[in-house]
Every structure is written in C-alpha cells, then in structure tokens.
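FYI, it's all coordinate maths here, none of it is from the lab. These numbers come from a predicted model, not from an experiment. Cβ sites come from the backbone with ideal geometry, for glycine too, and all protein chains shown count toward neighbours.
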Amino acid sequence: MAQKTFVLDTNVLLHDPDAMFVFADNKVVIPMTVIEELDMLKRHNDELGRNSRLISRKLDFLRSKGNLIEGVKLDNGGIIKIELDWDKELPPYFIEDKADHRILAVALKLKKEGEKVIFITKDINLRIKAEALGIVTQDYEKAKVHPDTVYTGFREIETSQEVIDRIFSLGRIPLSDLKKQINSDLSNVYLNEFLILKYGKSHSLLLRIKKNNKTNTYEAEVVSSKEVNVWGLKPLNVQQRFAIELLLDDSLNLVSLIGVAGAGKTLLSLACGLHKVIEEKLYRRLLISRPVVPMGRDIGYLPGSKEEKLSSWMGAIYDNLDFLIGKIYKYDSEKLQSTINYFFDSGLIEVEALTYLRGRSLPNQFFIIDDAQNLTPHEIKTIISRAGENTKIVLTGDPFQIDNPYLDASSNGLIYLVDRFKGQELFGHITFTKTERSQLAALAAELL
C-alpha cells in the first residue's frame, strides 16, 4: 500500500499533542505556519499555551534524532517532517497571508507533487475550503465516539412478575443465574450498570451489577426501594435515582452524568456533594469547576478579582447552591447569605476555573466539573490526573450543547471518558433522557 501524507492543522495538535504519532507508518507533515501559530500561543497561561509548549518539546526531542526539514523516521515506520514551502498559485479568492490558507497551500503543493495527501483539521470551514481545492480532507478521528452508541449506564429488560418477585426476595443474585432467570444474554453487561426488570407498565425492579470479591464474579444487587432524600431533594425519575446511587457510593472515585438540559445533573451532584462534605464530613471540601468557554459571542474581559470574574462564569452553580441551601431556611435571604458565606470562607466549598488546577494535587475532595462536554480528551486526562487520595470526581454535561468550536458531540472529552472507563470498578455513569426543570424546558429539549 502506498504511503499516505497527512498534513496536520494547528488545531489538531492542540486538541491532541500526540496526534503526530498516531498515523502509523505514514508520513506526517507539519507546515511551518503551524509552528508559527504554536509559537504565538506558547506564552498563554491556559491549556492552549501548555499544549503548544508540550508540542514544541516533542518536536525538539525529534530534532535530536534527525533533521525535521528532511524528515525524521519514527519507531513505527512513519516519518515526521516540517514543510517550509507552499503552493504560490492559490485561486484569487484565497488570501495568501492568511495562516489557514498557507497551511492549505502546503497540502496543495504536496498533492501536485504526486503525494497521496490527506489534510487533517478540526476546522469545518477549512475542510470545505480544502475540498474546493480538490484536497482529500478529514476531521481528526482518534478518540471519537458516536453519541448514539455511547454507554448509557442502564438497560431495560422485559420479564415476568414471578421472576421480579423471586429476585426481589433474594436481594442479590449471581449474574449467571440472572441470565437463566430472565432468559437474556447479558454477556456485554458492565460493572456498576443498572438493570430495569419490567413486567407491563406497573411492575419493575431496579438492579445494579456489582462484583463479589470473594468469588471474583459479577452479581446483580437489588437497588433499595427506600425513599431517598439528599439535601432536600428526592429523585423524580429512575435515572435520577440511579445517579444518586452512584454519587453517594463511596467506593466510586469517578462518576459521569450526561444528558439533556434540565435533567438535574448539576443539581443532584451539588446536593450529594453537600451531603458528603457538610453532613457526613467524608471529604474535606466541595470543589466546583467548569471550563471557561462562552456561549455565543464573548462579552470580553471582565473587571474585578479572580473571584468576581468567576462569579460571572459560575452563575449556574451559584443559582443551584442558592436553591439547595435556601430550602433549609425557607429562603430567608439573611440566613441563606450568611450560610453560603460561611461555607465559602471556611473552605468547605470552593469554586475554581479549570485553568488554575494545573499543578495542583486534590486529595480528599468531592470535585464536580460542570459542562465537561467543552473539554478535549487530553484536557479530561489532565484534570483527572489531579485527583489525590480519597477524592471523588463527578463530570456533568450535555454533549449536544458544545461551545468549543473544535469539538462536537462525538469528539469531546466527556463522551470519550465514558467510552473508555465503562466497566471499571471505580467508575459509574448515567445518561439522562428526561428533563425535570419545567414543562417549557422539556419541550425545548425535545423540539429545538
């Protein structure tokens, strides 16, 4: 098979600093314009700046193994090369001094020289332009997971009333016996997955797949039917009941909740976090963060201290905290504000931008990351690696509400994490399909 030439756009490397190494035994070309763009970003004190510096270090290491202009041979048989020249005969409607067009012109030059070129970019408009020039172009597909096939964390199984009653009376049942009872193939069932056994519309039983450490086998355990009340909240549907089960389980260090707006992902996470930190005192702090990515047009720089700036980005978090803590004092504004101030001043609750978490170690904390769908797989990995001893991380988000211009429903870090972690003993996940915010919110999620 003829060797292919993959020309990488800047956004691909920023999305995954290891992207240059994943094209097997093919040729990877990085235009000099990409190096210039990385150089302009290297002083930024954010994830883009850190990734640009990381890429530069990787290229510098390769430089020690050979001449990057001539091409450096990799252990996998591939070649990485920096290209200085580009096609000077772009159509008149392409502006030559625009960085994107110079990168495209590199791909065009190599194509004219007879190479089998594939241009890789996460910029949709640039892919359209590449196709207009006759260049084969693709999105960066590594770490993509189709949202329709992502693990949901639960499944429904039709069975008989007799089977439901029998399993309920047992309390737990080996998975091998459950398969025989319900006459269903559960070979692809995952640890911490929930099963909803149903008979008609009025009879059901909730089970959770757990591991029996003595026999090293899986078994299904009946989820308690006892009424759950966490910080004044009761589950309004079965998915919320499953989420609370995972959030309150101290054996799980990582929980992800995805789904439509208004499903209760953030509210339930905060309620369980307050319960674990304030009531049970199991964790030292409730740490809440979210990526600073604007929806729509950015309003520019915000005045004030870091805390004052964050109050604008964390409005949804503060709204939910007001609601949860306000329920205790029947929304007495003076007591509400006094309690919230105490929680923040004493360090029991901390709100932080993800940008400032790099380098920190986070032991003994209940850590909620809201709007995690705006993070890349690399960023998710960086954040989770911050977790110290006895820290629980909860990620929430809606993969169809992404504000990051280079991510979509199938390439964001939250979906990637769910796909890679499913079945791990310390991980639990639930996908919400129903909104409980209001009838209007439910209609908006369904119709818009």
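The charge dipole of the stretch 4-138, taken about the Cα centre with unit charges on the Cβ atoms of Lys, Arg (+1) and Asp, Glu (-1), comes to about 240 debye, rounded to the nearest 20.
Checking the cross-link pairs LYS122/LYS434; LYS111/LYS381; LYS201/LYS434 against a 29 Å limit on the alpha carbon distance flags LYS122/LYS434; LYS111/LYS381 as lying beyond it. Counted by neighbouring Cβ atoms within 10 Å, the residues LYS211, LYS201, LYS434 run from fewest to most as LYS201, LYS211, LYS434. Candidate cross-link partners of LYS198 among the aspartates and glutamates, defined by an alpha-carbon separation under 14 Å and a same-chain spacing of 8 or more, comprise GLU156, GLU158, GLU162, ASP165.
Just VAL222, VAL22, VAL136 to compare: in a GNM of the chain, with alpha carbon springs under 10 Å, which one fluctuates most? Sorting by GNM fluctuation, first place goes to VAL22.
For the stretch 4-138, the relative contact order comes to 29 percent (Cα pairs under 8 Å, sequence separation of at least 6).
Taking 16 Å as the straight-line reach from the Cα of LYS81, the aspartates and glutamates in range (excluding those fewer than 8 positions away in the same chain) are ASP9, ASP18, ASP25, GLU36, ASP60, GLU70, GLU113, GLU115. For GluC sites (Glu not before Pro), the sites in the stretch 148-255 that DSSP calls loop and that have at most 15 other Cβ atoms within 10 Å are GLU227. Using the rule -39500 (n - 2.57) for each DSSP H run of four or more residues, divided by the residues of the chain, the 222 nm mean residue ellipticity is -10500 deg cm²/dmol.
Report the local net charge at GLY326: Lys and Arg +1, Asp and Glu -1, summed over other residues whose C-beta lies under 12 Å from its C-beta. Counting the neighbours of GLY326, the net charge comes to -1.
At R0 = 41 Å, how high is the FRET efficiency between SER225 and THR355 if r is their beta carbon distance? Nearest 0.05 is fine. Plugging the Cβ-Cβ distance into 1/(1 + (r/R0)^6) gives 0.40. Of all complete DSSP H helices in the chain, those with a Cα span along the helix axis of 18 Å or greater and a mean Kyte-Doolittle hydropathy of 0.0 or more are 99-112, 315-328. If I take every Cα pair under 8 Å that is 6 or more residues apart in the chain, average their sequence separation and divide by the length, what percent do I get for the relative contact order? That works out to 16 percent.
In the stretch 145-226, the DSSP beta bridges split such that about 75 percent are antiparallel, to the nearest 5. In the list (1) 24.7; (2) 22.2; (3) 23.2, the label attached to Kirkwood radius over Cα pairs in Å as derived from the coordinates here is (1). Close amide-amide hydrogen proximity is noted between LEU233 and no other residue 5 or more places distant or on a separate chain, at a cut-off under 5 Å (H modeled in the peptide plane; Pro and chain starts excluded).
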